[in-house]
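These notes are about the structure you will find just below.
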Amino acid sequence: MKLKLLYTCMALTGLAASAFAQEPVDAAAVAKIREEGLNHSKVMDIAFNITDVSGPRLSNSPGLKRAQDWAVNQLKEWGLANAKLEAWGKFGKGWEVQKNYAAITVPYYHAIIAIPKAWTPGTNGAIKGEVVLVKADSIADLEKYKGNLAGKVVIFDTKPLTERSFKPDASRYTDEELDKMAQATAAPRGGNRNNAFDPNSPMMVARRKMIAMRAAMSTFFVEQKVGLILSQARGTDGTVFTTNGASYADTAKAVAPELETSSEDFQRILRLVKAGKKVEMEADVKTEFFTKDLQGYNVLAEIPGTDKKLKDQVIMIGGHFDSWHAGTGATDNAAGSAVMMEAMRILKAIGFKPKRTIRIGLWSSEEQGLYGSRGYVANHLGDPKTMELKPEHAKLDAYYNLDNGTGKIRGVYLQGDSLAGPIFKAWLEPFKDLGATTITVGNTGGTDHLSYDALGLPGFQFIQDGIDYNTRTHHSNQDTYERLIEDDLKQAATIVASFVYHTSERKDMIPRKELPKAAPAR
């Protein structure tokens, strides 16, 4: 039995080694890519232009449009073909903050850390008002405040955040964590797409009640001409994780001005008011809506293929270009966008003439639901709901995505595409010294590779060190250029460029999983 097991293990090892050996790696090309990517990088200059120069890049905002125009021009300067903005469909209103000031003036002066919620109006000039605590568990409870809130600053009785943690903010994957990823088994595709929550379940009943209550309060505060609403932001130590306070739809109802306030400032004000101390504030918040063009756009550019038989096949790389508005979207996702632009620059700089066409996509409105990449996929590749495929679907070789912060690449999520595993393992081998070794058949979600995976296309997200992405920078006022790690971005761009090179030159396309089935009609 033991001898048979030994022979079996030896056979499997031999097969794995054989498969590994059969996947060619162009050492000379890797050397050129490493030299350009690690020693002549432009990735931080790219990131500077996306963040500091362009500013926050909320969907359809002037900041996003500045960044998109810059990217198109830069890609053209590098010699890429067909660099352009391509409309993917209707999004909605643009919005930006143009002025933001708020402070306690009584019982003493203190400027607070607070960010306007996205798509909310400003205060229409400077205001001064008393802070009023509103407690309402039902729509009927609002009646007692009728006629008493005009010009006031509203605060709610919100519990403090969890106790302070003494764990480090930033971290990298440990060897044990990466080993666990590598041992993962393929997860099933995301369940039955026709499955829905029971509308009569307690959870759904409670959710509908909560939504109705929020809508009623929003309407009530507008009718009562509330001067400003304060809500407690998620985050500690002055970090404010931002959200939206209204819809971006051009038909959305008006709401009252609202500031997402640091937990420290929010709780200080709340403690004073609950103790019966008079608190007054002043604020001057100016925001602007942009409704002239409601379309959403992606940035596209490519290096055309040169092989007569293969040039119509396309390799895509990308990341989302939009961000939230409290910072400049450095780790989410100027980092991934800069890496992908740098990968294209590297390939042009070494004079690469690919067999297949290499295309970059910088997506908009990822933050609202992967709209940019989904729009591209729908327009070019097919409909994941009906699985009606377009001719370009057969020509899409692979899509590589980056969108998990500034951390270096540690490997690849296969999204269940186990046949791609040995290929990628071989391509990572030249980068073991840079910390990239792990292949996991497991899935990861939340970003644009899912738009491709939904159509059964090889869509991959790279494994990245988390650093402080989930603890400090993701959607927060701390998401700025200073949070970028230059060596990590250089490493990532170099690996992406090598993956793209080898995908282009490979004899066959990247293996595909079985096509998902169309969702049954409801």
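The values are calculated or read from the model by the stated rules, or taken from the named source; none is laboratory data. What you see is a predicted model; the values in this text were computed from it and never measured. Neighbour counts are summed over all protein chains in view; Cβ atoms, including those assigned to glycine, are modelled from backbone coordinates with ideal geometry.
For residues that are of a type in the set (D, E, K, R) and not in a helix (DSSP H, G or I), scanning just segment 376-411, find the one that is surrounded by the fewest Cβ atoms within 10 Å (Cβ to Cβ). Restricting to residues being of a type in the set (D, E, K, R) and not in a helix (DSSP H, G or I), the top hit is E388. Please verify whether segment 142-164 includes one or more residues that are among the aliphatic types (A, V, I, L, M), at pLDDT below 95 and farther than 25 Å from Q478 by Cβ. Yes; the residues of segment 142-164 include at least one that is among the aliphatic types (A, V, I, L, M), at pLDDT below 95 and farther than 25 Å from Q478 by Cβ.
When the residues of segment 343-398 are narrowed to those that are polar (S, T, N, Q) and more than 20 Å from the chain's Cα centre (by Cα), which ends up farthest from Q461 (Cα to Cα)?
So in segment 343-398, the residues polar (S, T, N, Q) come out as 357, 364-365, 368, 373, 379, 386.
So of that shortlist, the ones also more than 20 Å from the chain's Cα centre (by Cα) come out as 357, 379, 386.
Values: T357: 20, N379: 22, T386: 25 Å.
Step by step, filter segment 343-398, then rank; the result is T386.
In segment 195-220, the residues that are assigned by TED's automatic domain parsing to the domain that holds A254 reach residues that are modelled with pLDDT of 85 or more with C-beta atoms within less than 6 angstrom, at least six apart or across chains, in these pairs: A216/I139; S218/V255; F220/L142. Restricting to segment 476-522, give me the number of residues that are closer than 21 Å to S54 by Cβ and surrounded by fewer than 21 Cβ atoms within 10 Å (Cβ to Cβ). Here the count works out to 5.
Take E367 and decide whether it is surrounded by fewer than 24 Cβ atoms within 10 Å (Cβ to Cβ) and of a type in the set (D, E, K, R). Taking the combined requirement at face value, the residue satisfies it.
Yes/no per residue for (1) more than 23 Å from the chain's Cα centre (by Cα); (2) modelled with pLDDT under 95; (3) among the polar types (S, T, N, Q); (4) outside the structural domain of L457 (by TED's automatic domain parsing):
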{"position": "K225", "(1), (2), (3), (4)": "yes, no, no, yes"}
{"position": "A233", "(1), (2), (3), (4)": "no, no, no, yes"}
{"position": "E258", "(1), (2), (3), (4)": "yes, no, no, yes"}
{"position": "F266", "(1), (2), (3), (4)": "yes, no, no, yes"}
{"position": "M281", "(1), (2), (3), (4)": "yes, no, no, yes"}
{"position": "N298", "(1), (2), (3), (4)": "no, no, yes, no"}
{"position": "P304", "(1), (2), (3), (4)": "yes, no, no, no"}
{"position": "M316", "(1), (2), (3), (4)": "no, no, no, no"}
{"position": "A334", "(1), (2), (3), (4)": "no, no, no, no"}
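Among the residues of segment 365-380, is there at least one that is more than 27 Å from P520 (Cα to Cα) and in contact (Cβ under 8 Å) with a residue 40 or more places away in the chain? Scanning segment 365-380, I find at least one residue that is more than 27 Å from P520 (Cα to Cα) and in contact (Cβ under 8 Å) with a residue 40 or more places away in the chain, so the answer is yes. If we scan segment 431-438, do we find a residue that is among the aliphatic types (A, V, I, L, M), under 24 Å from S364 (Cβ atoms) and either in a helix (DSSP H, G or I) or more than 16 Å from the chain's Cα centre (by Cα) (or both)? Scanning segment 431-438, I find no residue that is among the aliphatic types (A, V, I, L, M), under 24 Å from S364 (Cβ atoms) and either in a helix (DSSP H, G or I) or more than 16 Å from the chain's Cα centre (by Cα) (or both), so the answer is no.
Residues considered: K84, K32, K90, K99. Of these, the only one that is among the basic types (K, R), out of contact with any helix residue (DSSP H, G or I) (no Cβ under 6 Å at 6 or more places or on another chain) and more than 30 Å from I360 (Cβ to Cβ) is K99. When D137, D169 are checked against the criterion of being at pLDDT below 95, outside the structural domain of K425 (by TED's automatic domain parsing), of a type in the set (D, E) and more than 30 Å from S364 (Cα to Cα), D137 stands alone in meeting it. Would it be correct to say that G329 is at positive phi, assigned by TED's automatic domain parsing to the domain that holds L450 and surrounded by fewer than 24 Cβ atoms within 10 Å (Cβ to Cβ)? So G329 does not fit the description; no.
Of the candidates D433, D397, D403, the single residue that is among the acidic types (D, E), over 19 Å from M340 (Cα atoms) and modelled with pLDDT of 95 or more is D433. Considering S41, S59, the condition of being within 23 Å of K90 (Cα to Cα) and not in a helix (DSSP H, G or I) is satisfied by S59 alone. Among the residues making up segment 447-502, those that are closer than 22 Å to K348 by Cβ and either part of a strand (DSSP E or B) or out of contact with any strand residue (DSSP E or B) (no Cβ under 8 Å at 6 or more places or on another chain) (or both) are F462, E486, L489, K490, A493, T494, A497, S498, Y501, H502. With respect to the conditions (1) touching a His at 6+ places or on another chain (Cβ under 9 Å); (2) on the phi > 0 side of the Ramachandran plot, A426 lacks only one, and its number is (2).
Only a single item in (1) among the β-branched types (V, I, T); (2) modelled with pLDDT of 95 or more; (3) over 24 Å from V131 (Cα atoms) is not met by T243, and it is number (3).
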